[in-house]
1. Given the chain, report the % of alpha carbon pairs whose separation exceeds 40 Å.
2. Per the Kirkwood definition applied to all pairs of different Cα atoms, how many angstroms is the hydrodynamic radius of region 130-197?
3. Counting other Cβ atoms within 10 Å of each Cβ, which trypsin sites (Lys or Arg not before Pro) in region 116-221 have at most 12 and sit in a DSSP loop?
4. Sorted from largest to smallest, which semi-axis lengths in Å does the alpha carbon gyration tensor of region 269-424 give for its equivalent ellipsoid, taking the root of 5 times each eigenvalue?
5. Excluding the sites themselves, what is the longest stretch of the chain that contains no chymotrypsin sites (Phe, Trp or Tyr not before Pro) in a DSSP loop with at most 13 other C-beta atoms within 10 Å?
6. How about region 343-420: which GluC sites (Glu not before Pro) there are in a DSSP loop, with at most 12 other Cβ atoms within 10 Å of their Cβ?
7. Once you have all Cα-Cα distances for region 66-196, histogram them in 10 Å bins from zero and send the whole-percent values.
8. For the residues His199, His366, what sequence is obtained by ranking on other C-beta atoms within 10 Å, fewest first?
Amino acid sequence: MNFRKYQSGIGLAVLILVTACHSNGKKKYTEEEHINLSASMKRYKTQWEDKEPRENEFFTCFAYKKINGLGYEEGISRRDPSSIIKVGDKYYVYYTRSPKTPPPVGYKRATDKLPANTWDLCDIYYATSTDGETWEEQGVAVPRGPKGEFDDRSVFTPDIMVYKGKYYLYYQAVKAPYKQRTRNVIGMSWADSPEGPWHRHPSPVLEPGEMGEWEGDEDDRRKIKSYGAFDSHKVHDPNLIVRDGKIWMYYKAHPMGVQSKLKKPYPDFSMGVALSETPEGPFEKHPLNPISASGHEALVWPYKDGVASLITANGPEKNTVQWASDGLNFEVKAHIVLPPDAAGLYCPDKYDDIKNGRGFTWGLCHIAQRPDRPWAYLIGFECDLSSVIDRPQYKKENIRFDEYSRLNSNRSFNKNNQKTHPTR
Ligand code: AAL
């Protein structure tokens, strides 16, 4: 892509858009009426186009269910499922999987055998299913790399891409020792069949951007003198689509200094995109990055002639479904509750380079570790983010919690940062 040409086109595009908004016939009130509308009613009429959520194709609720074969298992973490693909009559999913270990011990106490967290000391495994509910773990797809290589400590959080008859796994990788300050890069392996054998690309296909400066030698990711790029510390969660003849890799980014008290040029969590002509790169980071200032675990799919994204967990626009006609300038299209964590979608047209993306109705996601159940595991979810299948039950509002809903921690602090009782 000619990025300079692209940038000079932005001004013109904005002008055309503003003009279009005033003349596209959607305006259902006069200037005077507009002045008399509350801020919320203005948004109802413009941003939400006078629609109830059940008529909004981007609105859905989510239902969750147990799946067989990849559920909770003492000692083993399974997490971060990839997109799900169907080859012949079988579904395939790839995921982060730990060997049998004691519970994770944190970065300070981790050793060669003791994991720092549930994605440490992991390999990429795969499982198959004929109905999406009963899965059979098949074994390792991509193991950790040889000692001394960029991926020798852990490989995790994969996405699978089907491209020109071949299969590509993209995943996060870390090199030992795994500390708070360790960089995370994205590696790739390819195969002629979804069952492998997988050929490891010898170097990362995406690396963090321009570095800032750490402060001191202590292993503390908050302590920095400067941030560097929005992705100066970690690139994670590769999520792929094919669009306009190119491979678009969306990814989650961390700058150095997450949770630092310094004034920030970038959010702690953001999303970038990098484009390439070929699966092994070079992937060129887009100059508009970060293209989302919210979200966790980049998750995109082609929808109609644009790109939709599930923005979860972090940032001011968390818990929204967003859409961008150009795949770059995302707008909030719906607010959602309880979206799946680390979802992998069954979205059969994800790599078809189409302009009529149809969306999806199901996938897998994970339940993260918590103190009384320290290993992660996979479950299924259902929804209606499809343009071809209607599931009216997923367009219902009024989702409520019951008395069993709770946070993992229930601590309260007063303004002086001292522990206190919540009712005091
Ligand atoms: C997740 C993901 C990535 C991170 C870690 C494992 O929530 O964002 O995969 O690196 O946590």
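A short reminder: the numbers here are calculations on the coordinates, not readings from a lab. Please read these numbers as outputs of a predicted model, since none were measured by experiment. As a convention, Cβ positions derive from the backbone with ideal geometry for all residues, glycine included, and neighbour counts pool all protein chains shown.
1. Numbers: 16653 of 89676 pairs.
Counting every Cα pair in the chain, those more than 40 Å apart make up 19 percent.
2. Values: mean 1/r = 0.0746 Å⁻¹.
Radius from the Kirkwood sum: 13.4 Å.
3. Working: sites: Arg144, Lys147, Arg153, Lys164, Lys166, Lys175, Lys179, Arg181, Arg183, Arg200, Arg221; in loops: Arg144, Lys147, Arg153, Lys164, Lys175, Lys179, Arg181, Arg183, Arg221.
Counting only loop positions with at most 12 other Cβ atoms within 10 Å, the trypsin sites (Lys or Arg not before Pro) in region 116-221 are Lys147, Lys164.
4. Working: eigenvalues 209, 89, 51 Å².
Semi-axis lengths for region 269-424 are 32, 21, 16 Å.
5. On the way: sites that count: Phe401, Tyr404.
Counting at most 13 other Cβ atoms within 10 Å as exposed, the longest clean stretch of the chain is 1-400.
6. Numbers: sites: Glu382, Glu397, Glu403; in loops: Glu397, Glu403.
Here the sparse-neighbourhood loop sites are Glu397, Glu403.
7. Result returned by the calculation: 13, 43, 31, 12, 1.
8. On the way: His199 13, His366 24.
Neighbour counts put them in this order, fewest first: His199, His366.
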